[in-house]
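What follows draws every value from the coordinates through simple rules; no lab data is involved. Being a predicted model, the structure only gives us computed values, none of them experimental. FYI the Cβ positions are ideal-geometry reconstructions off the backbone, even for glycines, and counts take in every protein chain you see.
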Amino acid sequence: MERRDFLKGLAAVSGAISAPTLYGAQANRPAPQLLAQDTAPARTPDDPWPGKKRILAIADPEEWYASPGYHHDSASHTLATIERLGRESGAWITVIRTDMHLLTKQPISGYNVRNLNNFDAVFYMGEGPWNITDQQKADLLSFVHEDGKGFIAGHAGNGGHLLLWPEYAEMIGGNLVGEFPSADMHIVVEDPNFPGVQGFPKQFTFRDQYTIVGPNYSRDVDHVIMRMDPTKFPQVFAALQPEPNPNRHPSADQFQANLKKLADLRTDGDYPIVWCKKYGKGRVWYSTFGHLEATLDDARIQQMYIGAIKWTLGLTDADITPRPFPGNP
């Protein structure tokens, strides 16, 4: 049901109920003080989590629906999982949003309203047009770069309209220029010592949708933790079948040609999928994992996110010295 139709129906039902029935004993009750405080100038919010690290988690915000694009089915499950892992591990508290309202350092009027100043990191799972103001953009970048806070991006968090916001592309360390269809890709763990990845063997296969990064990615800056093995692309591609959509893939041959074009977006054989980096004083971590909802149910992926978030929050440390591409197996 559309929200508009729902509201119309609600209005009709309300109109059928008499005012005394609806309001009864509340008719002469004075307005509660809380309502007055809701419109008062901003003040420091209450702190129900003293001593805890806090993450502002955003996924596929509502601004995305104003633009033609894709909404990830896994977005809700991702946020719920990140919130649960923080509670269970005791390492952080998560505030979940599906809008960009709190993504600012500027005062927000109202009672018990938080902004970036009340968080230690931002977790972003989605893409979208980043429909925020220039002030919000400056606040987010300084939140990491100057304040030394953390930024964690899942799956298409390195995508969206990065050409319209090159500073974000610089912060994240590798903008999405293409992505393979969901497939059992062969993965190489390049840094088995990074927190959270100890559950993975040196090489493994995993089914998900993997992003391909563009020219702003550099091993002079990024510390690569995992990458795809392109020597296995031919056998992976051979096992894939085109979607039953002739508008996208007119034939099996065209489908295979499109896969090759995607692979050719990188000519150096380097296909990073998990990396981290310093951005000014702050810490940034990115993972391509998470397009499929089942990905977040894998215990190894959950441990990877726990380790990454702890590192981003400064609760653990790691050697993230950038290293040259070692070549493929």
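Tabulated data for the structure shown
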| item | result |
| --- | --- |
| Three-way shape call for segment 119-167 based on the alpha-carbon gyration tensor, with the a/c threshold at 1.5 | oblate |
| Whole-number Å³ per residue for the convex hull built on Cα positions in segment 92-217 | 138 |
| Per-residue HN-Hα couplings for segment 130-136 [Karplus 6.51, -1.76, 1.60; θ = phi - 60°; Hz; x = Gly/Pro] | 6, 7, 10, 6, 4, 5, 5 |
| Cα shape, segment 173-329, gyration tensor, a/c 1.5 rule | prolate |
| Cross-link partners of Lys310 among lysines (Cα-Cα below 30 Å; sequence separation of 8 or more within a chain) | Lys52, Lys53, Lys105, Lys137, Lys149, Lys202, Lys277, Lys278, Lys281 |
| Calculated SAXS-style log₁₀ I(q)/I(0) at q = 0.10 Å⁻¹ - segment 146-243, Debye, Cα scatterers | -0.33 |
| Amide proton proximity set for Gly128, modelled H, under 5 Å, gap of 5+ | Gly160 |
| Only Lys, Arg (+1) and Asp, Glu (-1) charged, at Cβ; segment 67-160 dipole about Cα centre in debye | 160 |
| For segment 236-329, Kirkwood radius (reciprocal of mean inverse C-alpha pair distance, Å) | 16.7 |
| Local electrostatic count, Ser89, Cβ distance below 12 Å [Lys/Arg +1, Asp/Glu -1] | +3 |
| Local electrostatic count, Arg323, Cβ distance below 15 Å [Lys/Arg +1, Asp/Glu -1] | -3 |
| Rounded, prolate or oblate (a/c below 1.5 giving rounded, otherwise prolate when a/b exceeds b/c) for segment 46-165 by Cα gyration tensor | oblate |
